[in-house]
Structures are given as C-alpha cells and as structure tokens.
1. Given the options 141, 128, name the one that is within 18 Å of residue 23 (Cα to Cα), over 21 Å from the mean Cα position of the chain (by Cα), modelled with pLDDT under 75 and among the hydrophobic types (A, V, I, L, M, F, W, C).
2. Kindly check whether there is at least one residue in the range 50-66 that is more than 18 Å from residue 227 (Cβ to Cβ) and within 18 Å of the chain's Cα centre (by Cα).
3. Report, by residue number, each residue of the range 200-222 that is charged (D, E, K, R), closer than 16 Å to residue 269 by Cβ and in contact with a Ser or Thr (Cβ under 6 Å, 6 or more places away or on another chain).
4. Is it the case that some residue within the range 221-238 is buried (at least 22 other Cβ atoms within 10 Å of the Cβ), at pLDDT below 95 and touching a Phe, Trp or Tyr at 6+ places or on another chain (Cβ under 7 Å)?
5. Can you name the number of the only condition in (1) within 20 Å of residue 292 (Cβ to Cβ); (2) assigned to a helix (DSSP H, G or I) that residue 196 fails?
6. Taking the residues in the range 239-261 that are of a type outside the set (Ser, Thr, Tyr) and buried (at least 16 other Cβ atoms within 10 Å of the Cβ) as candidates, determine which candidate is modelled with the lowest pLDDT.
7. Please find, among 36, 80, 43, the residue that is among the β-branched types (Val, Ile, Thr) and out of contact with any strand residue (DSSP E or B) (no Cβ under 9 Å at 6 or more places or on another chain).
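The values are calculated or read from the model by the stated rules, or taken from the named source; none is laboratory data. Here the structure is a predicted model, which means the values were calculated and not measured. So basically every Cβ, Gly included, is an ideal-geometry build from the backbone, and we count neighbours across all protein chains shown.
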Amino acid sequence: MARSNEITILLTLRGRHLHTLRWLWYANEINFPYHVIIADGEVHPTIDRLLSNRLTFPNLSYEYHRYSDASFSDFYMKCVDASKKVKTKYVMMSDNDDYPIVTGIEQSIAYLNIDASYVAAGGKIPFFSIDVRTELSNQVFGKMNAPRFTYGYRCHDLSSDFIGERVLDEARVHQVLYYHVFRTQTLGTIFEEIQAHDFSDLTVFEYFHALRTATLGKVRIAPSVVCYLRQSGTSSNSSGISLLKDWVHHLLHSRLPQDFRVMALNIANAAEGQATLKANELKECILDAYAENLRHYLGHTMMRHRFPRLFQIKQNLLWIKKIRWVPFQLQKLVDQNKFWHEMSTD
C-alpha cells in the first residue's frame, strides 16, 4: 500500500507486550499505510529492543516514545504529549489488543474531507474473541471466534445543528467515539481539557471524551463502515479496580461523584448558547442519563456483594460454558453467517 500523509495512528500502550507484538506484526504484514506514534506507558525490554531496530518491522512507519503510566494523571499527560507529536490532518487512537481496518479508515477520512462540519467519523465496532485451548495462548493466539456486535450496532450520526441536541443524543444513547477518525486539533483539545480536569476514573474520561466531541462538531457514525475491530476479554477494568474488589468502596473513596458533576457542568457550559436548555438544566439531563447507565452497571456488577452465595454458585458453574455442545467449526460458520447478515442489512 502507498503511504498516506493524511492520518496518524496513535497507539497507546501499557502492558500486554505480547498483544503489542501481534499488533506490530499485523501492521507490518499488511504494509500498514499510516504513520504510527507508539506511546508506551510501561516499557517492556523486549518491545524496546525490537522497536529500536528499524529492520524488525521494515514495512511500518513509526516512532517510539517511552512514558511511565503510574497513575491516570500520567496517562492523560501521555495522551496530550503524544497528540502534540501528530503532524497529519487526522488522527486515530488504537489499543494494542485491537485491529485498525484500513478500508473503513479511508472511508471515514473521505467523509471528513467532504464535510467540514464533522469533527470525527467512524462506524460500528465489531468484537472478536480468541478460542483459548491453553493458558499459554494468553488471549493472543488461537482460533478467532466469529466477529459480533456487542454495542453500537444500530448506530446513527450526531448530526443536529444544535450542540445541546447532539450532547443529549450521545448522553442518552452512548456510542463509543474513542476509536473514530478525528481531526487532530479536535482530539488535542479534548485531551488537554481531560488533563486539566485530571479525572480520577477512566469512566468519566470516556464519557467526557464522547460528550466533548459532540460539542466541538458533528460526528459521523456510519452503520456501513467498520474501521476498528476490538478483542473482548482483554481490557482492564475501567476504574482500575480489580473485579475481586468492592466497586462501591472505590466509589466512596474516590472523586468519582465530583468528577461526574464537573464533567457534566463543563459539557453543559460548552453547549450553552447553542442549546434549547440552560446550562444547569442540560447538566442535570446529562447526570440523569448517566444515572440510568450506572443503575444497569450496578445491577450486573454488584451481585457478588449483595448475593455472595448466589454469585459463588454462578462462578462454580462457569465450566459449563466451556463445554462445546456444537462442534467449533459449525458454531463458527453459524456466527459468521449471522455477522455477515447483520452487515448486509446496512
């Protein structure tokens, strides 16, 4: 593929060095046409050694920057610093356990080139998982289970001319925008504000990122475009708290409630003058929308603390899920047909 000077991929790393190797191998193998800025927050000696030798990945244009992500504040600083190194018109974030899809990226760039009122463009995001037959695979290699859509399938544009309407649309029906193609200036503005707020939890970070995007311009979310493929079962818990710990304890000992109020107020202030609601009313609408999401989250997550015995029974029965009632190849074919049928509807 010919090199593109329109977009840079910002690959943020912290741990999972085998996934990093897989991502780099994939990009090198397909002659990835975009420059990659690698922002490594937990430098692994093997990754450092391999990336220091340009001959390791000869088909990949990249620069490697070392950071130390000891806290969320460090992560925000890294995002700001790395985004300032982007020299292209567009930028796209990536994690090392996922795959950017070139055709979808090109479609998103083409749309942004046509309509200047849009600050980001992307589509729906399929998930895949690895069929783990041995612990040695470490969710890195093995048979890939058929892709599926777990959220954002019935996606739609944030295209209202009124900022407040775009914000409420995103707040009430949350669509993941983090992995969209962004205008570089837009993403830089968002990261700088996130660093200034220094949110204590990545949950707030993600919501602010999406809602602030909606205040800065329109967002294209095309159901016929796939520019990113995510792996499930490999991400860290959003709050940085182990699933074995009490999330409520984290809630009571963190700035999470204050952070959400600050986030909602800043988003509402950014929309004031372009919204049918006043800033304080819009702030309350944003908080109410998140409250619905939080109730759903708590209902699924807090069972282990409200009903510990029932939760333990459930844990003891998880082995049943590993039993293959249908041969793997047949199940894979069924899943693939379902996935392509869903794609064909768009």
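1. When all the criteria are applied, what remains is 141.
2. For the range 50-66, residues more than 18 Å from residue 227 (Cβ to Cβ) and within 18 Å of the chain's Cα centre (by Cα): absent.
3. Once the filter is applied, which keeps residues that are charged (D, E, K, R), closer than 16 Å to residue 269 by Cβ and in contact with a Ser or Thr (Cβ under 6 Å, 6 or more places away or on another chain), the range 200-222 yields nothing.
4. Checking the range 221-238: at least one residue is buried (at least 22 other Cβ atoms within 10 Å of the Cβ), at pLDDT below 95 and touching a Phe, Trp or Tyr at 6+ places or on another chain (Cβ under 7 Å).
5. If we test residue 196 against (1) within 20 Å of residue 292 (Cβ to Cβ); (2) assigned to a helix (DSSP H, G or I), just (1) comes out false.
6. Per the criteria, the residue is 241.
7. 80
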